[in-house]
Amino acid sequence: MRQPRAKIGQVRDRIYRVWRAGVGLGLLLLLSGCASNLSYHWRWEVISPWDPQGKANFLYLVAGFPVTLEITALSIVFGILFGLVIAFLRLSRFTIKIGRIELKVYLLFHLLIRVYQEVLRNVPLFTLMLWMYFAAPIITPIETDPYLAVVLTLSITAAAFMSEVFRAGIESIDRGHIEAARSLGMSGWQTMRRIVLPQAIRRVLPPITSEFVIIVKASSIASFVGVAELTRRAFQIIAGPLTQTRQPEIYAFLTLEYLIILVTLSRFSQWLEKKTAIP
């Protein structure tokens, strides 16, 4: 069993090296001006830390990192929490007895969860954000600022995907482990917390970390409601009188910023998977 795993690891490393080389080559072509019309004259001083005006643009763009990372982190945390709650409700078997009649309340929970998941999976993220920011305050007494609207949109969308991942991970645990824990006197919650969840989380790490990458990319929708994250700051600089014609340089730097975040997250997720892998 070790040889196939070793071969899979070698193939994965080769794919990553090819991907890294491709990204490096693409950036090299982009920075050298070969990736666009050859008549375009690149002026990197507009974002150069060694140029007075370029330094101001550079610092303003880089200041978007904390905002993007904060939005991403909050959305991931709330997405995981909401996803776990939904997964537990999906696996629940709540019943209510009224006399001789037993009402299977869990069927209602399951139906509502399925509707929620189908809506969140099939409606565009930008449309959901418009609902959260513009429509929700009109039909409800709840006021949402742009930052809160973006975090809620990303969180509930991520929860719809993560809930199914968590549910599948929990159901994949061998029933014998659960029965052994119950035979030792553990309660249902203790069994879930000490036996089931630790194993399930290890198994669902790859799809969960992939969802993290999606959240980072999707955080750019915050720019359309005025949150000053990476993409919004790039738009604001391009709107300036001295940088209106320097869009390729600004967008190239914006691409580099997202690459730094995503490549770092990808490497961290690979390290985490190896660290938590079952020997």
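For region 172-189, name all the residues that are modelled with pLDDT under 80, polar (S, T, N, Q) and under 28 Å from Ser155 (Cβ atoms).
Matches in region 172-189: none.
What single numbered condition from (1) touching a residue at least 24 places away in the same chain (Cβ under 8 Å); (2) out of contact with any Pro (no Cβ under 9 Å at 6 or more places or on another chain); (3) farther than 25 Å from Val227 by Cβ fails to hold for Arg114?
All conditions pass for Arg114, except number (1).
What do you reckon, is Ala159 more than 30 Å from Arg93 (Cβ to Cβ), in contact with a Phe, Trp or Tyr (Cβ under 7 Å, 6 or more places away or on another chain), surrounded by 19 or more Cβ atoms within 10 Å (Cβ to Cβ) and modelled with pLDDT of 80 or more?
On the way: more than 30 Å from Arg93 (Cβ to Cβ): no; in contact with a Phe, Trp or Tyr (Cβ under 7 Å, 6 or more places away or on another chain): yes; surrounded by 19 or more Cβ atoms within 10 Å (Cβ to Cβ): yes; modelled with pLDDT of 80 or more: yes.
So Ala159 fails the test.
Residue by residue, here is whether (1) among the hydrophobic types (A, V, I, L, M, F, W, C); (2) under 27 Å from Leu148 (Cβ atoms); (3) surrounded by fewer than 14 Cβ atoms within 10 Å (Cβ to Cβ) holds:
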{"position": "Asp51", "(1), (2), (3)": "no, no, no"}
{"position": "Lys55", "(1), (2), (3)": "no, no, no"}
{"position": "Tyr60", "(1), (2), (3)": "no, yes, no"}
{"position": "Ala63", "(1), (2), (3)": "yes, yes, yes"}
{"position": "Thr68", "(1), (2), (3)": "no, yes, no"}
{"position": "Val77", "(1), (2), (3)": "yes, yes, yes"}
{"position": "Ile80", "(1), (2), (3)": "yes, yes, no"}
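If you go through region 246-279 one residue at a time, how many are of a type outside the set (Lys, Arg) and out of contact with any Lys or Arg (no Cβ under 9 Å at 6 or more places or on another chain)? Steps first, please.
First, the residues of region 246-279 that are of a type outside the set (Lys, Arg): 247-266, 268-273, 276-279.
Checking which are out of contact with any Lys or Arg (no Cβ under 9 Å at 6 or more places or on another chain) leaves us with 247-248, 250-253, 255-257, 259-261, 264-266, 268-269, 271-272, 279.
Number of matching residues: 20.
Does Ala200 qualify as being in contact with an Asp or Glu (Cβ under 9 Å, 6 or more places away or on another chain), surrounded by 15 or more Cβ atoms within 10 Å (Cβ to Cβ), at pLDDT below 90 and hydrophobic (A, V, I, L, M, F, W, C)? Step through it out loud before you land on a result.
Values: in contact with an Asp or Glu (Cβ under 9 Å, 6 or more places away or on another chain): yes; surrounded by 15 or more Cβ atoms within 10 Å (Cβ to Cβ): yes; at pLDDT below 90: yes; hydrophobic (A, V, I, L, M, F, W, C): yes.
In short, yes.
Among the residues of region 131-183, what is the count of those that are more than 25 Å from the chain's Cα centre (by Cα) and assigned to a helix (DSSP H, G or I)?
12
State whether one or more residues within region 227-240 are among the β-branched types (Val, Ile, Thr), touching a helix residue (DSSP H, G or I) at 6+ places or on another chain (Cβ under 6 Å) and over 17 Å from Arg43 (Cβ atoms). So that I can check it myself, show each step before the final result.
To start, the set of residues in region 227-240 that are among the β-branched types (Val, Ile, Thr) comprises 227, 231, 237-238.
With the extra rule that they be touching a helix residue (DSSP H, G or I) at 6+ places or on another chain (Cβ under 6 Å), the set shrinks to 227, 231, 237-238.
Remaining after also requiring over 17 Å from Arg43 (Cβ atoms): 227, 231.
Among the residues of region 227-240, at least one is among the β-branched types (Val, Ile, Thr), touching a helix residue (DSSP H, G or I) at 6+ places or on another chain (Cβ under 6 Å) and over 17 Å from Arg43 (Cβ atoms), which makes the answer yes.
Is region 217-234 home to any residue that is exposed (fewer than 15 other Cβ atoms within 10 Å of the Cβ), in a helix (DSSP H, G or I) and within 14 Å of the chain's Cα centre (by Cα)?
The first filter runs over region 217-234 and keeps only residues exposed (fewer than 15 other Cβ atoms within 10 Å of the Cβ), leaving 217, 226.
From the residues that got through so far, the ones that are in a helix (DSSP H, G or I) too are 217.
Checking the rest, the ones that are also within 14 Å of the chain's Cα centre (by Cα) come to 217.
There is at least one residue in region 217-234 that is exposed (fewer than 15 other Cβ atoms within 10 Å of the Cβ), in a helix (DSSP H, G or I) and within 14 Å of the chain's Cα centre (by Cα).
Within the group Ser163, Ser223, Ser187, which residue is within 18 Å of Leu69 (Cβ to Cβ) and of a type in the set (S, T, N, Q)?
None of the other options fit; the residue is Ser223.
Which residue, of Ile195, Ile208, is surrounded by 17 or more Cβ atoms within 10 Å (Cβ to Cβ), assigned to a helix (DSSP H, G or I), in contact (Cβ under 8 Å) with a residue 40 or more places away in the chain and among the hydrophobic types (A, V, I, L, M, F, W, C)? Explain how you work it out, then say what you get.
Values: Ile195 fails: in contact (Cβ under 8 Å) with a residue 40 or more places away in the chain.
Every option except Ile208 fails the conditions.
Could you say which residue among Phe126, Phe88 is modelled with pLDDT of 85 or more, assigned to a helix (DSSP H, G or I) and closer than 23 Å to Met192 by Cα? Talk me through it step by step, then tell me what you get.
Details: Phe126 fails: closer than 23 Å to Met192 by Cα.
One residue alone meets the criteria, Phe88.
The values are calculated or read from the model by the stated rules, or taken from the named source; none is laboratory data. The structure presented is a predicted model; accordingly, all values stated were derived computationally and were not measured. Backbone-built Cβ (ideal geometry, glycine too); neighbour counts: all protein chains shown.
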